[in-house]
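Participant: Pasting in a structure now, in C-alpha cells, and then I'll have a few things to ask.
The values are calculated or read from the model by the stated rules, or taken from the named source; none is laboratory data. Computed from a predicted model, the values in this text were never measured in an experiment. Every residue, glycine as well, gets a Cβ built from its backbone with ideal geometry; the counts of neighbours run over all protein chains shown. Just so you know, the surface numbers come from the protein's heavy atoms only, side chains and all, with ligands and any DNA or RNA stripped out. Shrake-Rupley method; radii C 1.70, N 1.55, O 1.52, S 1.80 Å.
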Amino acid sequence: MKLFSLIAILFLTVATVAQTKTIDQKVADLLAKMTLEEKIGQLNQYSGDWGVTGPVTINPNKKAEIKNGQIGSMLNVLGTYNTRQFQEIAMQSRLKIPLLFGQDVIHGYKTTFPIPLAEAASWDLEAIELSARISATETAASGIHWTFAPMVDICRDPRWGRVMEGAGEDTFLASKIAAARVKGFQGKLGNVDAVMACVKHFAGYGAALGGREYNSVDMSDRMLWETYLPPFKAAIDAGAATIMNAFNDLNGIPASGNRYLMRTILKDKWKFSGFVVSDWGSIGEMVAHGYSKNKKEAAFAAITAGSDMDMESNCYRQNLAQLVNENRISIDLINDAVSRILKKKFELGLFDDPYKFCDAKREQNALNDPTHAVAARQIAAKSIVLLKNDNHLLPLSKQTKTIALIGPMVKPLRSNHGAWDINLTNIDSTYIVSQWNGISNKVSKNTKLLYARGCDFDSQKTDGFAEAIAVANQADVVIMSIGERSNMSGEAKSRSNIHLPGVQEELVKAILATGKPVVVLLNAGRPLVFDWTADHVPAILYTWWLGSEAGNAIADVLFGDYNPSGKLPMSFPRTEGQIPIYYNHFNTGRPATNDNDKNYKSAYIDIANSPKFSFGYGLSYTSFSYSNLVLSSSKMIQDQTIDVSVTITNTGHVMGEEVVQIYIKDLFGSVVRPVLELKDFKKINLAAGETKTIHFTITKEKLSFFNSHLEWTAELGDFELLIGASSTDIRLRQNFELLD
C-alpha cells in the first residue's frame, strides 16, 4: 500500500510538471509561428466603442485590426453577446489567438458591494474574499476574463479621489485585504467562475503630491519598500495573474517606464511570472511627463522597463516593429512580453474553447442569483462604522411612531453604488435598495415615515430648509442622510476641500435646533471633515457607499438587527491642514505628549495634532473589556516566537463583534521607527456576557523592517506590545525584548 501511494504521488507530481511544461511548450510553439506584427498585436489593448468605466474611444478599423491579429485584448466590452461577437472576429485571424476581455470590476458587477474602502472598514477578510468571489462569478459569466482590481495603493491623503478604491492607510491591513481580494477574484483560475486579478497601481500612486490625481510621487526607497510595496508583494504571493503600472512618476521616473519597479523589483527580485499592463494611455503620457521625446521613445522606455501590454496609447502598435528593425530593442523583449500574455490565455483555457465564458444561460443565472444580494447586504452592514452614539440613541425602535427622513441621499438608487460601478444599460436600477425603501421595509406598519430632501449635495440653496424643519417637528426621531454625490470620489475626483459640500452642515444645524433626536448617516467615498456635526449630533453612522443593498443594510444597523462592528481603515482629519495624517507616524525630537502640549513642540498652535477619528476606531451597541494579557516570555530569541493571550468579555447586553488590534512599538532602532504599528488583528463574535481568550503570535517577521541599507531585519532590543480597540484606545500593554 505504501509503495502504491508513493507511485501515485510520483505520478501526480510528474503529471503536474508535465502539464506546466505543456503550457510552456504550447506558448513556445505558437510564438515560433507568429510574425513580428502578430506578436506586437498581443501587446495592444483597445477599449470598446462605448463608455462603461472609462472614456469612449471610437476606432472604425477596430474589427479589421482584430481580424488581422493586431489586437490581443479589449476592455469595456460587456456581456456574453458582445464578447462572443468580438471573439468570433478574432477566430478569423490567421492564428486564431483568442482575445482577452478586461473590465474595471472594482466592487461588484451587477450585484454591487460596498466601495473597497468601506469593505476595508469591516476588517473581515472572509467577507472581503466572498465579495470578490461573487463579483468574479458574475463577471466571468458575462464574458469577462480579467478585472482591473484590486487597487492596493496605500493612501494617507483623503483629498485623493481614488482613496475610495483601496484599503486605507495601513500596510499590514492593506496587505491582508489585497491577498483576500486576489483569492476571491481568481478562485481556481481557468474555471468559468474565476477572473484574473490585476493588482494596481505599481507603485506609490496613493502618495501623489497634494492628493492630486496623476501627480508626482517623491519618496525614499525605504518608505517605498516598507510602506507602499508590501501589499503588492502580498497580492503576488496570493497568486495575482497581472499587475498594472501607475500614472505617476516615482522619484522622477514615470512608472510606465520605470525599470527599477518592473525589472529589478517585480520580475527579477520577486520572480513575477504574470504580465504587466499599462494604465489607460500611460505609456504615451510619458511624453507629457517630459520623460520621452515622442511616442516612439515612450514605447522604447516602456518595453525595456518591463511593461508588457499597452492600454489605449497605440505606442506599441505604431512603434515596436520599427524599434526592433532598427536593432534598438531585442526581439527577446517582445517574445518575453508576448509569452507572458499567451500563457495566461492558455491557463484560462481560451485556446481550448474561446467561448467558454460566453454562455448566455450561465450569465442570466449568475446575474439573478438571490444569494448574491443576501451576501451584499451582510457585507454592507459589516462595513458601517458607528462613530457616535450618545445616550444610546441607537438602535432605534421599529415601533417608533413617526420618523422623519431628511437629506439628499434618502431616496436615490444608483448613488448608493458610489464610484466605479458597472453601468449595465440593459438592467434598470430598481434592484438597488434605496435608504427610504430599506427603512420602510424594516419598521412597523404603524410607523409613519416623513420625507424632505432639505438641500442638494453641493448647492448653496437653502429654500428646502423650511420644509425639512416642518417635517422634523412632526417626528419622534430624525434620520438625516447626507454626504458626497457619488461622482465626487473616484478617479480624477480629487478635492482640496473635503468638508461636507454645499449647505448640508447648515441643514444639520437647522434640524438639530428643533430639539428632536437626530441620527446622521454620512455617505462618502473618503474621510470627510464634519467637525460641527461630530461635536453636536448625538448619533452618527459612517455609511460610505454601500452598494445595491445599501438601504437594507443601513436599516439593519439603525434598528439593531445588526450590531455595527466596523473600524476605520483611515484616520479622519479635523481639517485639511493636518493632511497627510496617519496613525503610524514617526516621533520627533520634540513630540507633543497630548493635544494641549504646544509650547515648542511638534504641534499646531490652532488645532490639535490628533485626528477627529483615529485609525481602527468604531463603536458598538455593546461594550467590551480587555484583561489578562499574558506573554509566554518577556524575552525572545530571534528564531523563536512569543505567544500572546488576552481575554475579551462582552460586558453589554447584546451580541457584538469586536476587532481586537495588536500593535507593536520598536522603542529604538538604527533608523527612527513609527510610534506604533499594526501587526495583527482578530474579529471575534461574543454573546452578551460571553468571555473568550484569544491568542496571537509574535514572530521575528513582525519585528522586522527595512533599515537604511534596505535590508529586511529585526534589530535586537526592547519592544512594547499594545492591545486595544483602536490605535488610540489601547487597553493593555507590556514590554518584551528581542535577543540574539
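Participant: Would you be so kind as to identify which of L507, N446, I482 lies farthest towards the positive end of the dipole of region 441-546, taking Lys and Arg as +1 and Asp and Glu as -1 on Cβ and the Cα centre as origin?
Facilitator: Ranked along the dipole, the leading option is N446.
Participant: Any chance you could check the Cα centroid distance between region 500-577 and region 250-328 for me, in angstrom?
Facilitator: Spelled out, the Cα-based centre of one part sits 44 Å from the other.
Participant: Let me ask you something else. Give me the one-decimal nm value for the distance between modelled label points at S429 and S397, 7 Å along each residue's Cα-to-Cβ direction.
Facilitator: About 3.6 nm separates the two model spin labels.
Participant: How large is the accessible surface per residue of region 327-431, computed with a 1.4 Å probe and reported in Å² as a whole number? Don't skip to the answer; put the middle values down first.
Facilitator: Values: 4570 Å² over 105 residues.
Each residue of region 327-431 exposes 44 Å² on average to a 1.4 Å probe.
Participant: Per Stokes-Einstein, at 20 °C and 1.002 mPa s, what whole-number D in µm² s⁻¹ belongs to region 309-451, with the Kirkwood radius over Cα pairs as the hydrodynamic radius?
Facilitator: Rounded to a whole number, D works out at 100 µm²/s.
Participant: Put K567, K598, K448 in order of accessible area, largest first, 1.4 Å probe: what do you get?
Facilitator: K448, K598, K567
Participant: Oh, and also: Looking at region 167-272, which chymotrypsin sites (Phe, Trp or Tyr not before Pro) are DSSP coil and have at most 16 other C-beta atoms within 10 Å of their C-beta? Before the final figure, lay out each step's value.
Facilitator: On the way: sites: F172, F185, F202, Y205, Y214, W225, Y228, F232, F247, Y260, W270, F272; in loops: Y214, F247, W270, F272.
Those that pass, being in a loop and sparsely packed, are W270.
Participant: Relative to the first principal axis of the alpha-carbon coordinates of the chain, what is the inclination of helix 125-141, with its axis defined by its Cα atoms, in degrees from 0 to 90 and to the nearest 10?
Facilitator: On a 0 to 90 degree scale, this one is about 50.
Participant: For helix 171-186, what angle does its Cα long axis make with the longest principal axis of the chain, in degrees from 0 to 90 and rounded to 10?
Facilitator: 60 degrees
Participant: Using mean Cβ contacts within 10 Å as the protection proxy, how do 453-461, 525-533 order, highest first?
Facilitator: Numbers: 453-461: 17.1, 525-533: 23.1.
Top of the packing list down: 525-533, 453-461.
Participant: Roughly to the nearest percent, how much of the accessible area of region 533-691 is carbon and sulfur, given a 1.4 Å probe? Walk me through the numbers on the way to the answer.
Facilitator: On the way: 3120 of 6200 Å².
It is 50 percent, rounded to a whole number.
Participant: Okay, moving on. With both partners inside the chain, how many of the DSSP beta bridges are antiparallel, as a percent to the nearest 5?
Facilitator: Numbers: 49 of 94 bridges.
Taking every DSSP beta bridge within the chain, about 50 percent pair in antiparallel fashion.
Participant: Next question, about the same structure. If you add up the charges near R263, with Lys and Arg at +1 and Asp and Glu at -1, over every other residue whose beta carbon is less than 14 angstrom from its beta carbon, what do you get? Mind dumping the intermediate values first?
Facilitator: Numbers: positive: R259, K267, K269, K271, R340; negative: D268, D308, D332, D336.
Summing Lys and Arg as +1 and Asp and Glu as -1 gives +1.
Participant: For K612, give me every one of the lysines with a C-alpha distance below 21 angstrom, ignoring sequence neighbours fewer than eight places off in its own chain.
Facilitator: Qualifying lysines at Cα under 21 Å: K388, K509, K567, K598, K601.
Participant: Where does each of 132-142, 649-659 land if you order them by average Cβ count within 10 Å, highest first? Intermediate results must be reported in sequence, preceding the final value.
Facilitator: Values: 132-142: 26.4, 649-659: 18.4.
Most protected by this proxy first, the peptides run 132-142, 649-659.
Participant: Something else about it: If the cut-off is a Cα-Cα distance under 16 Å, which lysines reach K442, setting aside same-chain residues fewer than 8 apart in sequence?
Facilitator: Correct list for K442: K398, K401, K411.
Participant: If you take every residue apart from I664 with its C-beta less than 10 Å away from the C-beta of I664, what net charge results, scoring Lys and Arg +1 and Asp and Glu -1?
Facilitator: Details: positive: K665, R673, K679, K702; negative: D666, E677, D680, E720.
Local net charge: 0.
Participant: Related question: So, for region 434-487, what is the accessible surface per residue at a probe of 1.4 Å, expressed in square angstrom? Spell out each step's value before the answer.
Facilitator: Values: 2510 Å² over 54 residues.
That works out to 47 Å² for each residue.
Participant: Additional query: Mind checking which lysines have their Cα closer than 19 Å to the Cα of K200? Skip sequence neighbours fewer than 8 apart in that chain.
Facilitator: Straight-distance partners of K200: K176, K183, K233, K267, K269, K271, K344, K493.
Participant: Applying a 10 Å radius around every beta-carbon, put 329-335, 286-292, 688-694, 400-406 in order of their mean neighbour count, most first.
Facilitator: Numbers: 329-335: 15.1, 286-292: 18.1, 688-694: 13.1, 400-406: 20.7.
My ranking of the peptides, most packed first, is 400-406, 286-292, 329-335, 688-694.
Participant: Just flag the chymotrypsin sites (Phe, Trp or Tyr not before Pro) in region 641-740 sitting in loop per DSSP whose Cβ has no more than 14 other Cβ atoms within 10 Å. Present the calculation step by step, with values, prior to reporting the outcome.
Facilitator: Values: sites: Y663, F668, F681, F696, F705, F706, W712, F719, F736; in loops: F668.
Here the sparse-neighbourhood loop sites are F668.
Participant: How high is the relative contact order of the chain, in percent, with contacts defined as C-alpha pairs under 8 Å that are six or more residues apart?
Facilitator: Details: 1760 pairs, mean separation 93.8, N = 740.
Here the relative contact order equals 13 percent.
Participant: Using helices alone, what [θ] at 222 nm do you get for the chain, with -39,500 (n - 2.57) per DSSP H run of 4 or more residues, divided over all residues and rounded to the nearest 500?
Facilitator: Working: 20 runs with 212 residues, N = 740.
Result for the chain: -8500 deg cm²/dmol, rounded to the nearest 500.
Participant: Can you find, among L266, A240, M196, the residue farthest towards the positive end of the dipole of region 194-330? Put +1 on the C-beta of Lys and Arg, -1 on that of Asp and Glu.
Facilitator: After comparing all options, I get L266.
Participant: Here is a further query. Could you state, as a whole-number percent, how many of the C-alpha pairs of region 222-359 are farther apart than 18 Å? Walk me through the numbers before you get to the answer.
Facilitator: On the way: 5352 of 9453 pairs.
Value for region 222-359: 57 percent of Cα pairs lie more than 18 Å apart.
Participant: Here's something else I'd like to know. In 5 Å bins starting at 0, how do the alpha-carbon pair distances of region 368-459 split up by percent?
Facilitator: With 5 Å bins starting at 0, P(r) equals 2, 10, 15, 22, 22, 17, 8, 3, 1, 0.
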